[in-house]
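Here's the structure we're looking at; comments come further down.
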Amino acid sequence: MSEQRTAIVTGAARGIGSAIARRLAADGLAVGVLDLDERACSTTVTAIVDAGGRALAVPVDVGDEQSVAVAVDRVAADLGAPTVLVNNAGITRDNLLFRMSTEDWDAVMDVHLRGSFLMSRAVQVHMVEAAWGRIVNLSSVSALGNRGQANYAAAKAGLQGFTKTLAIELGRYGVTVNAIAPGFIETEMTAATAERMGVPFEDFKAAAAAQIPVARVGQPEDIAALASFFVREEAGFVSGQVVYVAGGPRA
Ligand code: NAP
């Protein structure tokens, strides 16, 4: 490969998305660091640039069609046509079904499902033109069912069907599409869950680790390592797969 490839990572201001953006930059890709708040992206962008990489902070609301179009155009113009997309942006709005508001159902669907759809549709144009591409979607062990997460579990299970369908449709254009389903990863998302449950984060992590075969919780870099593999040239025959990264068969 002579020309530098360009990747887009959504929700890359922090947590798993930031780790994936930094890892792909270290692998030699230029990275569009997309998140709701452009200023919040600066930590990730600075880390990449300080390490000698290329990155650009771009604001986006992945659930908004116009915002997605503008963001993808900006990356294409400033970094080069994006041929790698990591749909990582995510939110939780947990509640038991009888207490779950319609707004909380819609908000989760908008970011995870509508967001991944809009981003993938916008970026696949560049992939098909290049006859090469990589899409990585962030699912979750919650796709298998998780109390209090009917909205999130449905969205994360939906992303698995989305992944397999895009793999079938886009394979002929040299595009692979895979999903990563993380278990417990130490980020602000899991810290917020602990806070909501009134449990100190250290105790929450220890309780989770006690149930995980490798006896620890995951770190964002554990997810970035698999994203790095899926995106590689040599992974071109791996498509439509969902890999659970949970320290065991299921967290
Ligand atoms: P996080 O720390 O909460 O980071 C998520 C990022 O996505 C935030 O920067 C957030 O921005 C951004 N975001 C939210 N809505 C957005 C939108 N509409 N458009 C653009 N960006 C948006 O989450 P994380 O723990 O790193 O999780 C990353 C992904 O992995 C998510 O898809 C999550 O569901 C999945 N996952 C996480 C775990 C885990 O244990 N942490 C496990 C399984 C799956 P704001 O801060 O401005 O809201």
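Descriptive notes on the structure:
- The number of residues in the range 114-142 that are within 11 Å of the ligand (Cβ to nearest atom) and assigned to a helix (DSSP H, G or I) comes to 7.
- Residue match in the range 89-99 (condition: within 9 Å of the ligand (Cβ to nearest atom), buried (at least 17 other Cβ atoms within 10 Å of the Cβ) and part of a helix (DSSP H, G or I)): no
- Every condition in (1) closer than 28 Å to GLU186 by Cβ; (2) of a type in the set (A, V, I, L, M, F, W, C); (3) within 15 Å of the ligand (Cβ to nearest atom); (4) part of a helix (DSSP H, G or I) is met by VAL70 except one, and the failing one is (1).
Residues are listed down the side, and each one gets a yes or a no for (1) among the β-branched types (Val, Ile, Thr); (2) buried (at least 24 other Cβ atoms within 10 Å of the Cβ); (3) at positive phi:
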site: GLU3; (1), (2), (3): no, no, no
site: ARG22; (1), (2), (3): no, yes, no
site: LEU56; (1), (2), (3): no, no, no
site: VAL62; (1), (2), (3): yes, yes, no
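- The residue that is nearest to ASN87 (Cα to Cα), counting only those in the range 143-158 that are outside any helix (DSSP H, G or I) and open to solvent by less than 20 Å² (accessible area, probe 1.4 Å), is GLN149.
- ARG114 meets all of the listed conditions (1) under 24 Å from ALA12 (Cβ atoms); (2) open to solvent by less than 60 Å² (accessible area, probe 1.4 Å) but one, namely (2).
- Test: residue in the range 201-215 that is assigned by TED's automatic domain parsing to the domain that holds VAL177, aromatic (Phe, Trp, Tyr) and open to solvent by 40 Å² or more (accessible area, probe 1.4 Å): no
- One residue from ALA13, ALA25 being among the small types (Gly, Ala, Ser), in contact (Cβ under 8 Å) with a residue 12 or more places away in the chain and within 12 Å of the ligand (Cβ to nearest atom): ALA13
- Candidates SER120, SER67, SER142 - the one that is without any contact (Cβ under 8 Å) to a residue 24 or more places away in the chain, polar (S, T, N, Q) and under 29 Å from VAL238 (Cα atoms): SER142
The values are calculated or read from the model by the stated rules, or taken from the named source; none is laboratory data. Because the structure is predicted, anything quoted here is derived from the model rather than measured. All Cβ positions, glycine included, derive from the backbone under ideal geometry; neighbour counts span all protein chains shown. What goes into the accessible areas is simple: the full protein's heavy atoms, side chains included, and nothing from ligands, DNA or RNA. Shrake-Rupley method; radii C 1.70, N 1.55, O 1.52, S 1.80 Å.
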